[in-house]
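Asker: One structure, as structure tokens, below. Some questions next.
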Amino acid sequence: MRSRSTKPALRAIAPLLAALALCACAPSRMIVTGPEADRAERFFAGLPGRVVFPVKASFSGIAAPVARNPVPFVAGVNASSPETETLGLYDPLGRGVAFLSNDGRRVEVSRGPAADLAGFRGAAPIDAGPVSMARILSGAPGYAVAGAEAARYEDGAWWLSDGRQELRSDPGRRFLAGAEYRLPGMRVTVDYPGRESADPPERIVLSVRGAKFTLRRDPE
């Protein structure tokens with residue numbers, strides 16, 4: 001009788017135990033101040049300067065939309081400056097699906113001729129502020145770094161948050177390993193898996209509203 005009575009209780013607390021287990025697995029970080037915080041801020045603040053404009057690059061990728069099968073696509077970014085950027089998304093035949101145009105304040109989203117075939121219904125403009133798509137795709141912070149809080153992970157990697165973005169370095173503090181951007185109505189997570197140098201990352205994984213986009217940079 002006792003074992004039967006404990007089963008409903010165990011089922012009731014199972015979600016709590018699972019949540020605690022996930023929290024325990026999350027990497028911990030310690031807030032840093034003083035000279036180390038200054039070094040961390042200078043490190044992240046200097047990364048955008050490594051991206052030399054104009055930026056032109058192409059990518060091949062896989063999109064995993066919510067409740068749909070993964071679909072292949074190609075993408076290209078053309079930016080003469082952080083305030084004049086265009087990002088195009090195309091189907092495998094080279095037909096335009098969507099185009100993102102950034103003027104340094106607002107990202108406009110327009111439909112391409114293959115939008116209906118790809119199931120893209122359009123999207124509202126995004127008041128993103130002075131973010132740079134080319135810098136993000138080149139492995140640098142999308143926004144300029146200012147007024148940030150710094151921390152250090154157990155593996156030595158630095159973390160920095162300034163309200164608009166959270167940035168994470170590699171353990172050796174050589175390059176940006178991942179970021180999260182807070183845009184109006186959404187959060188965009190960017191990871192650079194397998195990155196080993198400050199060169200533009202060969203692989204980029206973006207997560208937006210449950211959809212995941214994996215891009216591989218084409219050889220120049």
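Readers should treat all values here as calculations from the given coordinates under stated rules, not as data from a laboratory. Quantities reported herein were computed from a predicted structural model and do not represent experimental measurements. Don't worry about glycine lacking a Cβ; one is built from the backbone with ideal geometry, like all the others, and counts go over all protein chains shown.
Asker: Residues in the stretch 121-135, backbone N under 12 Å from the label point at Thr84 (7 Å along the Cα-to-beta-carbon vector): list them, ranges by number please.
Answerer: Once the point is set 7 Å along Cα→Cβ of Thr84, nothing inside the stretch 121-135 turns out to lie under 12 Å by backbone N.
Asker: List the equivalent ellipsoid semi-axes of the stretch 130-188 in whole Å, largest first, each obtained as the square root of 5λ for an eigenvalue λ of the Cα gyration tensor.
Answerer: Whole-Å semi-axes of the equivalent ellipsoid: 19, 13, 10.
Asker: So for the pair Asp127, Arg174, with labels modelled 7 Å out along Cα→Cβ, what separation do we get in nm?
Answerer: If labels sit at Asp127 and Arg174, their model points lie 4.2 nm apart.
Asker: If the chain between Val205 and Ile62 were fully stretched, how many nm would it gain, using 0.36 nm times the residue separation less the Cα-Cα distance?
Answerer: Separation in residues times 0.36 nm, less the Cα-Cα distance, equals 50.5 nm.
Asker: Rounded to whole Å and ordered largest first, report the semi-axes of the equivalent ellipsoid of the stretch 28-217 derived from its Cα gyration tensor (root of 5λ).
Answerer: 30, 17, 15
Asker: At a Förster distance of 45 Å, what's the computed FRET efficiency of Arg182 paired with Arg95, Cβ-Cβ distance as r, to 0.05?
Answerer: For R0 = 45 Å, the calculated efficiency reads 0.85.
Asker: May I pose another question? At R0 = 30 Å, how high is the FRET efficiency between Arg105 and Glu196 if r is their beta carbon distance? Nearest 0.05 is fine.
Answerer: Calculated transfer efficiency: 0.30.
Asker: If I stretch the segment between Arg42 and Lys212 completely, what's the gain in nm (0.36 nm per residue apart, minus their alpha carbon distance), one decimal?
Answerer: Separation in residues times 0.36 nm, less the Cα-Cα distance, equals 58.1 nm.
Asker: Let me ask another. In percent, how large is the relative contact order of the stretch 36-82, given Cα pairs closer than 8 Å and 6 or more residues apart?
Answerer: Relative CO of the stretch 36-82 lands at 37 percent.
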